[in-house]
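Data first, discussion second: the structure below is written as structure tokens.
FYI, it's all coordinate maths here, none of it is from the lab. On a predicted model such as this, the values are computed, not experimentally measured, just so you know. Cβ placement follows ideal geometry from the backbone for every residue including glycine, while neighbour counts extend to all protein chains displayed.
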Amino acid sequence: MSLDHAEILLQEAVYVKWAFDAKRVEALRDEAAIYAARLTPLQGTVVPRLVGFYESVDHANPFALSIFEHCSGPVLSDYAEYSRQYMMAACALHGVGVSHNQLALGLRGDARFVDRHVIADQAGRVRIVDFTRANLHFCPGAPLRVAGGAPAEERRGCCDELAHLEIVVGERRTGDRATGRWLLD
């Protein structure tokens, strides 16, 4: 059966990622493993639900696909709330021992809603996507203990990814690196 002639009956919309070369197939396999190992409690709230992962058994013609819950909702119009949700979602990832390794790297242009690894669900809530470069890690800094702009000695024990994200997102929110502090209560 050819993919362009396959018929799949689904009761809801999905998002499909696929790969046709060994390197990208491995990245999708690793992403599915992270979902299974650590992201299960966050599926449907912080990350989209992983519906399934499928890999070809033909190693001469590698192919894999992942099927995710479709998240395509309205983006929050309140940047402060979007930023708060973004930081809380990042903290939740680190709280279950996952470092995304690409958060804030996709930030570009306007400060509003620009990270390519963050999408909104149908209710406008932030979801983090693309764990192809993620890794498992122990994070003594989750949830955040020190806000961005603090001297390095005060950030000791705080995860580098969270500290960097807090600085970048806080800076964009306030326009001032020194006062880009977050209150996550």
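Loop-only GluC sites (Glu not before Pro) in segment 10-57, please: DSSP not H, G, I, E or B, and at most 14 other Cβ atoms within 10 Å.
In loop regions of segment 10-57 (DSSP not H, G, I, E or B), the sparsely surrounded GluC sites (Glu not before Pro) are Glu12.
Tabulate in residue order the Karplus-calculated ³J(HN,Hα) for segment 40-56, using 6.51 cos²θ - 1.76 cosθ + 1.60 with θ = phi - 60°, rounded to whole Hz; enter x for Gly and Pro.
3, x, 9, 5, x, 10, 9, 10, x, 5, 8, 7, x, 10, 9, 9, 5
Would you please give the FRET efficiency between Arg24 and Val51, computed as 1/(1 + (r/R0)^6) with r the Cβ-Cβ distance and R0 = 25 Å, to the nearest 0.05?
0.85
Note the full-extension length gain between Gln43 and Ala80 as 0.36 nm times their separation in residues minus their Cα-Cα distance, in nm to one decimal.
Extending this stretch completely gives an extra 10.9 nm.
At Met88 and His137, where each label point lies 7 Å from the Cα along Cα→Cβ, what is the point-to-point distance in nanometres?
It is 2.4 nm.
DSSP loop (so not H, G, I, E, B), at most 13 other Cβ within 10 Å: list which trypsin sites (Lys or Arg not before Pro) in segment 38-103 pass both filters.
none
Grab the Cα-Cα distance for Val16 and His164, subtract it from 0.36 nm times how many residues apart they are, and report the gain in nm with one decimal.
50.3 nm
Find how much the distance from Ala123 to Ala36 grows on full extension, using 0.36 nm per residue of separation minus their present alpha carbon separation; answer in nm with one decimal. Don't skip to the end; give the middle numbers.
Working: separation 87, 0.36 × 87 = 31.32 nm, distance 2.50 nm.
Taking 0.36 nm per residue and subtracting the Cα distance, the gain is 28.8 nm.
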